[in-house]
Amino acid sequence: MQIESLKVFCDLTETESFTKAAQINEVTQSAVSQQISSLEKTFKSLLIERSKKKFRLTREGQVLYEYSKQIIQTYDSLHNRLQEIKDIISGTIRVATIYSIGLHDLPPYLKKFLRSYPTVNVHVEYRRANQVYEDVLGNVVDLGLVAYPAKDAKLELIPLRKDALVMICHPNHPLAKNKTVKLAQLSGQKFIGFEPDIPTRKAIDKILKENNVEVQTVMEFDNIETVKRAVEIEAGISIVPQGTITQEVAKQTLSELKIEGLDLFRPLAAIYKKNKVLSPAMKQFLSILKG
């Protein structure tokens, strides 16, 4: 029996998916099944109840999971400590990020990190906010990057920075001649929004409601790029993170207006699973993100 088999078993337990367990460990689903069968033969116990309805551990499987987690954490701590002693920064970091952070906030930090640690492989996946949390909790990725971080007892949260929110419109829009706008002026305007379950959308809806401003939502999208394209074709106005529109403002395809009297921003954060042993590479990556 090898530690790798115990890790596969833990990943399968936490994701409840043979597909995801295979993906995390870069093996086939057949290999995952074989390693589980091997563990069952080793311990002479059925570990997983074979049911198509729902993934479920047996009592023996639950005990093996609890002890396996301890073994893996101890092994990871040992491996990382030896790397620190040798001053080795290498390995792979798996990151899940929402689109706006991945496309606009992350690149300069990633470039700086890879310049300092070229032997580290950083794998980035673009996901919806809820999927970022799922991937972190399921050990599909090591770190998640989100806006308006939600508190969770199973997660560690590292605050990063605050990104200002601004109004955008087409340069031909009547409001574009101003540098600032009052929130009340948005009343009745055609509005391009994020989809209702996205944290930034929820925050914007709350701001509008608290100020008794009703907009006419004409389109909803799940990512910042599509929102910007809709505003560029004069479909409506929007409120977006300032850092995501630098290129469009420079090219004059969008106009940016600060909203008067309100300190609007969205907090950004990195998240990882509580009790996760951070490798030296992950520690350095977080340090650069915080910087």
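Before moving on, here are some points about what is shown:
- Residue within the range 97-110 that is under 19 Å from Glu26 (Cα atoms) and not assigned by TED's automatic domain parsing to the domain that holds Asp222 present: no
- Residue count for the range 70-92 satisfying the condition of being touching a residue at least 60 places away in the same chain (Cβ under 8 Å) and charged (D, E, K, R): 2.
- Residues (part of a helix (DSSP H, G or I) and free of Cβ contacts under 8 Å to residues at least 60 places away in the same chain) located in the range 93-105: Gly102
- Flag if Ile71 is touching a Leu at 6+ places or on another chain (Cβ under 8 Å) and surrounded by fewer than 18 Cβ atoms within 10 Å (Cβ to Cβ): yes
- In the range 242-275, the residues that are under 18 Å from the mean Cα position of the chain (by Cα), outside any strand (DSSP E or B) and small (Gly, Ala, Ser): Gly243
- Lys251 vs. criteria in contact with a helix residue (DSSP H, G or I) (Cβ under 8 Å, 6 or more places away or on another chain), charged (D, E, K, R) and not assigned by TED's automatic domain parsing to the domain that holds Glu14: no
- Cβ pairs under 7 Å, 6+ apart, first in the range 244-256 and under 22 Å from Leu106 (Cα atoms), second surrounded by 15 or more Cβ atoms within 10 Å (Cβ to Cβ) and among the basic types (Lys, Arg): Ile245/Lys228; Glu248/Lys228
- Gly193 being in a loop (DSSP other than H, G, I, E, B) and not charged (D, E, K, R): no
- Boolean, Ile239 is part of a helix (DSSP H, G or I), within 27 Å of Asn130 (Cα to Cα) and not assigned by TED's automatic domain parsing to the domain that holds Tyr99: no
- Some residue of the range 200-219 being farther than 24 Å from Leu262 by Cα and free of Cβ contacts under 8 Å to residues at least 60 places away in the same chain: yes
- Considering only residues in the range 107-121 that are in a helix (DSSP H, G or I) and in contact (Cβ under 8 Å) with a residue 40 or more places away in the chain, the one that is farthest from Leu145 (Cα to Cα) turns out to be Ser116.
- Meets criteria (farther than 30 Å from Glu16 by Cβ and at pLDDT below 95) for Arg127: no
The values are calculated or read from the model by the stated rules, or taken from the named source; none is laboratory data. Computed from a predicted structure; not experimentally measured. As a convention, Cβ positions derive from the backbone with ideal geometry for all residues, glycine included, and neighbour counts pool all protein chains shown.
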